[in-house]
Structures are given as structure tokens and as C-alpha cells.
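A short worksheet on the structure shown next.
The values are calculated or read from the model by the stated rules, or taken from the named source; none is laboratory data. The shown structure was predicted, so the numbers you read here are calculated from the model rather than taken from an experiment. Here the Cβ positions follow ideal geometry from the backbone for every residue, glycine too, while neighbour counts run over all protein chains shown. Remember, those area values only see protein heavy atoms, side chains included, never the ligands or the DNA or RNA. Shrake-Rupley method; radii C 1.70, N 1.55, O 1.52, S 1.80 Å.
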Amino acid sequence: MRRRPGISGLQRQQAQREAFSDLGSVAASARQLAMEEQLQSFQSQLAQFALKHRADINSQPAFRASFHKMCRDIGVDPLASNKGFWSEALGLGEFYFDLGVQVAEACMASRLETGGLIPLDVLVRRVNKRRGTAVSGEVSIDDVKQAIGSLGKLGSTFKLEMVSGKYLVRSVPGELSPDAAAAIDVAAQDPDGAISEDSLAQRFGGGVGGLVRAREALESFMRDGMAWVDGQREPGKYWYYLPASSEKWSEVL
Amino acid sequence: MAAFLYPPFYAYPPYFTLQPVEETRAKQVQAWKALIFDFCVHHNIHTVSADDHADGTVDVLPDPSSPLFVNAAIHRALKREAKVVFLDALVAEGHGEWLEADKHRCRVFFKTLAEYVSDVRRWVDENALHGSVYTLYEMAEATEIPDEWKRLDRDVLHRIFVACQSSGVSSVFGGENGEDVGVKFL
């Protein structure tokens, strides 16, 4: 028998909807409660874990990296604040704060020689040397990157630059232009990190245009104290040495 | 004597070319000035020449196998212009003195003249040598003279006592031919 719409039918439908939505919200709030409980227990577990393994986290770079990844995955940032639970539990904020200071110091010290551009791996070695790894354990490339990131948040001039697959840390204000990056790349082919106008001009496609670009790039390196000139490598020609491009010299000088 | 240990920059080619950019040059001058000084102290060298030699060698030193301004291993040598700049810096900090107005040879002092003068003054006071007279020749032999001074070149020693004279610590007399220079402590 076909039912015709009637007032009681509509009322029944309405009641049904309300019942469903009540049930839904009860279920949802139950779920939310459960989730909150879970999250809370998870956080406290994480905190316990962190406390228990604090020494490992602070001394083992690999352990530290995995811990960071885990924290990131669940949306906890142990570095976000220097106050509060995480930094108190771990001293992690402090860890990166100290590391940031050491990174800054190492950059300053090398600035005299390299003009403020230093390969990341060299910087890491220098920072480890400064720290004296016997007590605190070595820091990794990831740690230093992390610390440079934190320094960056302070609006500092420390910046990671990627040149042909290699990280350089820049500790003086300014941008690395594509031409400058190309120069660093070409210079890196030479064991002493040396480059001539001609070799760079070739990279820029040769001709007068290439030469002008090469000259500008090298002159700006000279002005910034990032390049040294050598007039005795080839008669009548200058070669430019970029300490940042040379494995050997960025380490020694 | 232990071999002289050259600093790392001594093998970096551009350090042998005078840097045109002021900031970079300042580092270069500082590094070379310190090297020249350490080198001279180590080898007990009192005079350094800024002149280029016809055969390409640059400095006259007691031991040609340990040069200062030439690094044969990397085929680099300092030019006169650069040497003059570095030695000028040594002179400016009181550790050197040009022997000629046109800067050919530079006398190197291991201490500044002021330091030497105060050393002499203290030594005279401590040993109550006021009024005593020495010739430079005697000074090289006398046991009471500190070894540090005996190692010094006769000309440097003479120069020190001339400085003492202007400070009223000693008076210098004679000395037309070097050997006969006499010093009277006041």
C-alpha cells in the first residue's frame, strides 16, 4: 500500500534524523575522548621515552635524527620553544641553541679566510673540533642544518646555499647569484679551487657576453673577500682562487 | 735546530701575489709579517732583502734550502713590491727598520727597540752596572751579558745601544769601524 505523505510521516522522519544526529555526536565525542586519551598517553610515552633516552638523543646524531623525524610525524616540535616541557625534558632547545652559537662562531672564524662562504661538511668538522667531541659526542650534518635553520628564524644572515649538489653556508648578507654559483662550481673542478676568466666565460657560452659575465662574477667575489688573485700561474693572466670551492684550502686556511 | 714549520698559507699560490682588495690584502700582510718575523727569529736572521735577484732567487739567507720568499714546490715567489709592503708592516709594528731610504734591506728586531731599551735598563739596575763600560766586542764574550743579546748581530746590538742613548740609559762612543764601539751605562 502506497503511503501518502502526512504530518505524522514528516514528524517521524524529523525524529529519526535527530536521533541519528544525537547518536552521531555521542559517538563522535566518545571517539574524540578516546583520541585525546590516546594522544595524551602517546605524548606522555614520548616524553618518558625522551627522558629515558635523553643522553642518547643528545650524544648520538643518528638517534637524534630519528627522534626528530618521529616528533615531526606526530606534529610535535621539540625545538619550537626554549621554554616548556620539551626543552626542560630534553635540553634540546638548549642543545640547538648552543650549537647555533658554535656554528655562528665557526662561521665568523672562517670568514676571515673564506670571505663568509664555507662548505657545509667543512663547517661541521670545524664545529665538532670546537665542541671537543669527547664529552658531548659528534654533531651531524643534519644537526648543523637544523641549527642554521634556527639561526635563520632570528632573521640572521646565515643561509644554506646549494651549488651543484653541495651545500655551502653563507654567513655574510647577500644572495648567491646564479653566475656566482656557476663560478663556485667551475672552481671546484680545480684542486686549489682556482678559476680564470676564460674558463668561466666558457661556462657562460663564451664570446664577449660570457667574458663580461665572468668578469662581473669574479670581481664581485673579489670585492666580498671570497676570492684571492694569483698572477703567477700563467703569464699575463690572473687566476682567481675561491677557498670555499676547494676541499683542501677551505679546511687548511 | 728543529726545521722551521711554514704556515699553511705558504703553500697557497695567491699568497704570493699582492692582493688588490684592501680587506684581503690586510689578511695577507698580517700573515706574511708574522711569517717573516717567526722565520727570522727561528734562523737568527737580522737582515732581510726586499730586492729581486737576477737569477730569480729572492733573498740572501744562510741556508738556501730553506727560503722565505720563494716556494719552489708551488712555483711561486714574491715580487719586490709585495716584499716592501710586508716589510713595511713589520717596520710599522716596531720589529723592523729599513737600512736604506729606498728600502732595499730591512733590519729585523726580535723585540721592539723600546722593549730592548727597558730590558737593558732593568739589567743595568739589577746588576748595578751603572758607570761600567763595555765594547761591543767584549759584550759578545762577557759572561754577565745575557745570551739573548749575544746571539744578536753586532749591528743590531749597536742599534739597540743607540736607542738606549736617546733614552738616557747608556751613552755610545767610538765606533768608526764597528769593533771599537763602546757603551757606558748610566
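Values for this structure:
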{"item": "Residue identified as within 23 Å of the chain's Cα centre (by Cα) and either within 11 Å of another protein chain (Cβ to nearest Cβ) or open to solvent by less than 30 Å² (accessible area, probe 1.4 Å) (or both) among A:Glu175, A:Glu251", "result": "A:Glu251"}
{"item": "Residues that are within 10 Å of chain B (Cβ to nearest Cβ) and open to solvent by 10 Å² or more (accessible area, probe 1.4 Å), drawn from region A:236-246", "result": "A:Tyr238, A:Trp239, A:Tyr240"}
{"item": "Subset of region B:81-112 (residues that are assigned to a helix (DSSP H, G or I), open to solvent by 30 Å² or more (accessible area, probe 1.4 Å) and more than 14 Å from chain A (Cβ to nearest Cβ))", "result": "B:Val85, B:Asp88, B:Val91, B:Ala92"}
{"item": "Lone unmet requirement of (1) touching a residue at least 12 places away in the same chain (Cβ under 8 Å); (2) open to solvent by 50 Å² or more (accessible area, probe 1.4 Å) for B:Gln165", "result": "(1)"}
{"item": "Test: residue in region A:195-205 that is within 8 Å of chain B (Cβ to nearest Cβ) and β-branched (Val, Ile, Thr)", "result": "no"}
{"item": "Identity of the residue in region B:68-80, in contact (Cβ under 8 Å) with a residue 60 or more places away in the chain and of a type in the set (A, V, I, L, M), that ends up least open to solvent (accessible area, probe 1.4 Å)", "result": "B:Leu78"}
{"item": "Subset of region A:111-123 (residues that are within 14 Å of chain B (Cβ to nearest Cβ) and open to solvent by 10 Å² or more (accessible area, probe 1.4 Å))", "result": "A:Arg111, A:Leu112, A:Glu113"}
{"item": "Sole exception among (1) in contact with a Leu (Cβ under 8 Å, 6 or more places away or on another chain); (2) modelled with pLDDT of 85 or more for A:Asp190, by number", "result": "(1)"}
{"item": "Subset of region B:122-150 [touching a residue at least 40 places away in the same chain (Cβ under 8 Å) and touching a strand residue (DSSP E or B) at 6+ places or on another chain (Cβ under 9 Å)]", "result": "B:Val124, B:Leu129, B:His130, B:Gly131, B:Ser132, B:Val133, B:Tyr134, B:Thr135, B:Leu136, B:Met139"}
{"item": "Given (1) modelled with pLDDT under 90; (2) open to solvent by 70 Å² or more (accessible area, probe 1.4 Å), number of the condition A:Asp198 does not satisfy", "result": "(1)"}
{"item": "Among (1) within 26 Å of A:Cys107 (Cα to Cα); (2) buried (at least 16 other Cβ atoms within 10 Å of the Cβ); (3) free of Cβ contacts under 8 Å to residues at least 24 places away in the same chain, the one test that A:Ile184 misses", "result": "(3)"}
{"item": "Hits in region A:210-235 - residues which are more than 13 Å from chain B (Cβ to nearest Cβ) and either aliphatic (A, V, I, L, M) or open to solvent by 50 Å² or more (accessible area, probe 1.4 Å) (or both)", "result": "A:Leu211, A:Val212, A:Arg213, A:Ala214, A:Arg215, A:Glu216, A:Ala217"}
{"item": "Those residues of region B:2-14 which are within 11 Å of another protein chain (Cβ to nearest Cβ), closer than 22 Å to B:His43 by Cα and not small (Gly, Ala, Ser), in sequence order", "result": "B:Pro7, B:Pro8, B:Phe9, B:Tyr10"}
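Every residue, every condition in (1) part of a helix (DSSP H, G or I); (2) at pLDDT below 75; (3) open to solvent by less than 10 Å² (accessible area, probe 1.4 Å), yes or no:
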position: A:Asp77; (1), (2), (3): no, yes, no
position: A:Lys83; (1), (2), (3): no, yes, no
position: A:Trp86; (1), (2), (3): yes, yes, no
position: A:Asp98; (1), (2), (3): yes, no, no
position: A:Ala109; (1), (2), (3): yes, no, no
position: A:Asn128; (1), (2), (3): yes, no, no
position: A:Val135; (1), (2), (3): yes, yes, no
position: A:Ala147; (1), (2), (3): yes, no, yes
